[in-house]
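The values are calculated or read from the model by the stated rules, or taken from the named source; none is laboratory data. As the structure is a computational prediction, the values presented were derived from the model and not from experiment. Glycine also receives a Cβ, built like all others from the backbone with ideal geometry; neighbour counts cover every protein chain displayed.
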Amino acid sequence: MAQTWTIVKRYLKNGDTLLLLLCVTASIFGIILISSASRPLGNPNRYIAVQSVSLVLGIIMFIVFSMIDLDLLCDRWKLLLLFNILAIASLLVFGEESSTGNKSWISFSWMPVAIQPAEIVKLTFTLLLARQMYAYRERINAPSSVARLLLHLLLMLALIMLCSQDAGMAFVYAVMFAFMAFAAGISLPWILAGLTAIAAVTPLVWNSPLMSDYQKDRILVILDPSIDPDNLNAGWQAAQSKLAIGSGQLFGQGLYNGKLTQSGSIFAMHNDFIFACAGEEFGILGCLAIIAVLTGIIACCLVRAVKCKRPMSALICAGFAGMLTFQTFENIGMCLGITPVIGLTLPFISYGGSSLVATFCCMGIVSGIRLRPPPIVTRY
């Protein structure tokens, strides 16, 4: 016990306590919103308990991961790659199909909660990709290096689409790759070539069985509202979400008093559309508070990436910053009806134990940069 307390005191003295405070603040706000948004589902105490336990576990993992030797972990790249492949591929056997056709979750009778493998793999994917980019640092713009990096990304995207058909998660991985590629110094012509390749492949994916008609409509309705003029199908969630946020005005209707929230009018309000709950019950000020805290967390990641003297650690910070930036922008955007509804949660705020713990692990790695000494060649 004494040794544990010594470790905690060492972290509080040298670790990134600001980042931890921001993460905990966002998570507590999320639990408050979940307690309201889950009421129409029945037994809200279960959702509160799961998220609260996940928060405690997340804080522990934050501190643990801040002390992990990243070099030692990344050197086990073969094990990381094997873990990534097996974790995503397990959805083919054990994945449970959702109402939207995705197979993103695994649950067993002996497990109190379901697990989303892709959330956990985001961490190991970032570590593995950072290690690969660091290994190619002297020839990062060589055609062979770029080809291998793209092959790594395409492997993960193919696994996600084939095993779970979760287009939203595939986008997250692609954006993380883009942030890390930019930080690694991949030149603009290669980035433009990559975007061109994605544009060329998009019609093939769009017309394949990997994309259901419902997924297509949720994307197209943003560009062409006439697909669902009455907002009764593909546009229903976004329309109700905008109505909820607008009705909250400046100060909101009060916790547990949001009419649309408490009537259960918005599907998945406790996770995908929790920002709408914040807007209705806490108003514009509540929404701005969430955006401010999440922006602070992203800023911490970017500052660490810029100041870090370890190139590989800087790439990891850039990847996590990309993950949080895209998920925050996309989730808030779909609640406002300006981006497609692709099933992405709001980091730290939305309900989801595996997502919360995995994100805390990621932030623990960012925090640990302060605790890890720089390489010998850069100390003097």
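One residue stands out among those in region 157-166 that are surrounded by 21 or more Cβ atoms within 10 Å (Cβ to Cβ) and either of a type in the set (S, T, N, Q) or within 17 Å of Gly322 (Cβ to Cβ) (or both): the one that is modelled with the highest pLDDT, which is Ile160.
Selection of first residues in region 179-193 that are touching a residue at least 12 places away in the same chain (Cβ under 8 Å) and more than 17 Å from Arg139 (Cβ to Cβ) and of second residues that are assigned to a helix (DSSP H, G or I) and polar (S, T, N, Q), restricted to Cβ pairs under 9 Å at least 6 apart or on distinct chains, gives the following pairs, ordered by first then second residue: Phe179/Thr325.
Return yes when Gly296 is under 21 Å from Phe171 (Cβ atoms) and small (Gly, Ala, Ser) and no when it is not. No: the conditions fail for Gly296.
Just to check your reading of the model, which residue among Ala238, Ala268, Ala199 is hydrophobic (A, V, I, L, M, F, W, C), touching a residue at least 12 places away in the same chain (Cβ under 8 Å) and out of contact with any Leu (no Cβ under 9 Å at 6 or more places or on another chain)? First the steps, then the outcome.
Working: Ala238 fails: out of contact with any Leu (no Cβ under 9 Å at 6 or more places or on another chain); Ala199 fails: touching a residue at least 12 places away in the same chain (Cβ under 8 Å).
Ala268 is the lone residue from the list that is hydrophobic (A, V, I, L, M, F, W, C), touching a residue at least 12 places away in the same chain (Cβ under 8 Å) and out of contact with any Leu (no Cβ under 9 Å at 6 or more places or on another chain).
All conditions in (1) closer than 22 Å to Met156 by Cβ; (2) touching a residue at least 24 places away in the same chain (Cβ under 8 Å); (3) outside any helix (DSSP H, G or I) hold for Met133, with the sole exception of (3). The residues listed here are Ala183, Ala170; of these, the one that is buried (at least 20 other Cβ atoms within 10 Å of the Cβ), over 21 Å from Gly333 (Cβ atoms) and modelled with pLDDT of 90 or more is Ala183.
Looking at this structure, is Ile291 under 23 Å from the mean Cα position of the chain (by Cα), of a type in the set (Val, Ile, Thr), assigned to a helix (DSSP H, G or I) and within 22 Å of Gln51 (Cβ to Cβ)? Write out each step before concluding.
Working: under 23 Å from the mean Cα position of the chain (by Cα): yes; of a type in the set (Val, Ile, Thr): yes; assigned to a helix (DSSP H, G or I): yes; within 22 Å of Gln51 (Cβ to Cβ): yes.
So Ile291 fits the description; yes.
Checked against the criterion of being surrounded by 24 or more Cβ atoms within 10 Å (Cβ to Cβ), of a type in the set (S, T, N, Q) and in contact with a Phe, Trp or Tyr (Cβ under 8 Å, 6 or more places away or on another chain), region 323-330 contains not a single residue that satisfies it.
Residue by residue, here is whether (1) in contact with a Phe, Trp or Tyr (Cβ under 7 Å, 6 or more places away or on another chain); (2) under 24 Å from Met176 (Cβ atoms) holds:
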| site | (1), (2) |
| --- | --- |
| Pro225 | no, no |
| Ser241 | yes, no |
| Gly283 | yes, no |
| Ile297 | no, yes |
| Pro311 | yes, yes |
